[in-house]
1. Under a 10 Å cutoff between Cα atoms, tell me which one of ALA305, ALA117, ALA172 has the largest fluctuation in the Gaussian network model of the chain.
2. For LYS263 and SER317 in one chain, what is 0.36 nm times their gap in residues minus the Cα-Cα distance, to one decimal in nm?
3. Say R0 is 25 Å: what FRET efficiency, to the nearest 0.05, do CYS76 and GLU196 get from their beta-carbon distance?
4. First measure r as the distance between the Cβ atoms of GLU134 and VAL366, then evaluate 1/(1 + (r/R0)^6) with R0 = 22 Å and state the FRET efficiency to the nearest 0.05.
5. What is the chain by shape, rounded, prolate or oblate, if you read a ≥ b ≥ c off the alpha carbon gyration tensor as root eigenvalues and call it rounded for a/c under 1.5, prolate for a/b larger than b/c, and oblate otherwise?
6. Based on the Cβ-Cβ distance of GLU340 and TRP35, what FRET efficiency does E = 1/(1 + (r/R0)^6) give at R0 = 22 Å, to the nearest 0.05?
7. Under 11 Å from the 7 Å Cα→Cβ point of LYS165, by amide nitrogen: which residues of region 114-146?
8. Can you give the calculated 222 nm mean residue ellipticity of the chain, where each DSSP H run of n ≥ 4 adds -39,500 (n - 2.57) and the sum is split over every residue, rounded to the nearest 500 deg cm²/dmol?
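Read-outs: derived from the displayed coordinates by stated rules, not from any lab. This is a predicted model, so every value here is computed, not measured. Note that we place each Cβ from the backbone using ideal geometry, even for glycine, and neighbour counts take in every protein chain shown.
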Amino acid sequence: MFKDPLPRQPTLNLGTLGHVDNGKSTLVQAITGVWTAKHSEERRRGVTIRLGYADVGIYKCSKCDEYCTSPVCPTCGTKTEFIRGISFVDCPGHHSLMVTMLSGAALMDGALLVLAANAKCPQPQDREHLAATEIAGINKMIIVQNKIDLVSQERALESFREIEKFVKGTAAEKAPVIPVSAQHSTNVDVLIKMIEKHIPTPKRNLSVQPTMLVVRSFDVNKPGTDVEKIVGGVIGGSILEGVFKVGDEIEISPGIRVEEGGKSHYEPLFTKIESLNVGGSFVKEARCGGLVGIGTLLDPSLARADGLVGNVVGKPSQLPPIMNDLKFEPHLFKKAIGTEELVKIYEIKTNENLVINVGTTVSSGVVTSARDDVVELSLRRPVCAEPKARIAISRRLGESWRLIGYGIIKK
């Protein structure tokens with residue numbers, strides 16, 4: 001299928017979720033033509049490690065009344081009408097990368113839960129990823145029954161029954177199930193049609209103060225660049241609400257770690273938007289949806305190698321408060337759903353270490369107080385968040401951090 005080389009600014013962030021071997025990246029490539037695993041370590045190991053991104057334009061043919069990803073209908077050759085742009089957020093499925101997946105969930109407007117027909121459903125991270133969507137409040141989903149080319153008709157039907165049983169009573173219970181072979185692009189056109197039918201673009205509030213979650217940051221200067229040609233650090237993320245424009249003054253919070261008098265603390269950064277890049281094109285303003293690259297006047301060393309990931313961007317003095325200590329109401333699962341053996345989850349204890357996700361921020365801390373209705377956590381890295389926001393809670397089980405429930409931030 002021909003892919004539009006320059007899709008317009010995306011308005012929908014669509015996640016791909018599921019166990020490590022379910023073929024999420026292959027599915028994204030079948031739809032967009034982009035292989036999201038670009039890091040050298042990802043290519044060497046053959047798995048997604050970081051959050052991957054790929055944009056595509058969705059078009060509709062007035063003659064065939066079908067959807068595609070091309071400005072020209074691949075069936076009849078008729079010029080198609082652009083409907084909207086979609087930005088895929090491809091999440092890692094390996095159990096050791098669950099905290100990265102949780103960061104991706106914070107950006108999603110909807111999700112494709114990718115399950116493999118040639119494996120028993122659910123696999124541990126299928127359970128964990130589905131729970132993460134519910135924590136993040138994602139209720140627009142489509143289930144992709146992938147790898148149907150590898151199984152018999154009998155196994156495909158058995159897999160379908162396993163999927164129905166797995167999602168019963170969850171946010172995905174009424175989600176359509178689409179059989180697909182991502183490897184051969186079979187039924188991908190049907191999947192695109194179902195995305196258009198079942199996952200609408202959410203209403204955005206463009207009149208409020210803008211907020212963006214940072215998921216990437218870069219030093220784009222090549223080694224040996226002349227001093228006068230060096231450009232500032234670039235931050236990449238997704239805008240939750242509002243509009244950013246070139247020339248805007250912005251705050252990046254909680255900022256960077258600063259050492260003073262033998263003690264350390266975090267200080268917000270203040271800079272100016274020098275450029276905005278959306279879908280590979282420079283624009284004068286950027287809105288909600290898709291991955292946005294913001295060129296700044298920051299020292300590029302601050303943005304190097306994702307150094308600013310987890311920060312929140314907004315207008316100065318308009319961001320949520322910075323919290324060094326977190327108080328939250330815990331809601332724990334009965335079992336660690338991401339483990340093979342479904343380990344029983346015990347109540348949070350004083351002095352234990354936890355990892356929390358809030359937005360795209362990942363932090364860890366020590367529990368200073370634990371009661372049934374409230375837990376207090378001293379954070380190693382502060383977070384920028386509003387009271388009543390949800391956080392994902394992970395505990396060390398064996399060699400990995402496992403999702404054990406969620407919390408609601410209290411004042």
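1. ALA305
2. Values: separation 54, 0.36 × 54 = 19.44 nm, distance 2.49 nm.
The span from LYS263 to SER317 would gain 16.9 nm if fully extended.
3. Numbers: r = 19 Å, r/R0 = 0.75.
E(calc), rounded to 0.05, equals 0.85.
4. Details: r = 27 Å, r/R0 = 1.24.
After rounding, the FRET efficiency stands at 0.20.
5. Working: a/c = 1.87, a/b = 1.14, b/c = 1.64.
Because a/c hits 1.5 or more and a/b fails to exceed b/c, the chain counts as oblate.
6. Numbers: r = 30 Å, r/R0 = 1.34.
The computed FRET efficiency comes out at 0.15.
7. Counting backbone N atoms under 11 Å from the label point, the list is 121-122.
8. Values: 7 runs with 66 residues, N = 411.
The helix-only estimate for the chain comes to -4500 deg cm²/dmol at 222 nm.
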